[in-house]
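Read the figures in this text as sums done on the coordinates, not as results from a lab. These figures come from a predicted structure and were not determined experimentally. Counting neighbours? That spans all protein chains shown, and the Cβs are built from the backbone with ideal geometry, glycine included.
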Amino acid sequence: MWNEEFKKYIRAAIIGQNAANEPSFEWTVRKAIDCREIGFNDASQAIIYLTSHDVEGFRN
C-alpha cells in the first residue's frame, strides 16, 4: 500500500524542511520515523516505500 502521508514526511525531512502544516522540523521527523504518528498501531503493520515506478521525479 502506498502511504502518501509517510512520503510527505520523509521527503520533507530528507531535504531539511517542515512538512506542510507541521509546526516544526522536529514534528516532521517524528512523523516520518514513528509509524504510530501516521495511523498505524505498530511497525509490524507498516511496510512503506519511498518511491514507486508510478511516480516520476519529486512530487509533493
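Net charge of the neighbourhood of Trp27, taken over other residues with C-beta under 14 Å away and scored Lys/Arg +1, Asp/Glu -1, is -1. Each principal axis of the Cα cloud of region 4-45 was taken in turn, and the coordinate range along them, longest first, works out to 28, 16, 13 Å. For region 4-45, the relative contact order works out to 32 percent when only alpha carbon pairs closer than 8 Å and six or more residues apart are counted. Computed from point charges on the beta carbon alone (+1 for Lys and Arg, -1 for Asp and Glu), the dipole magnitude for region 4-45 about its Cα centre is near 120 Debye.
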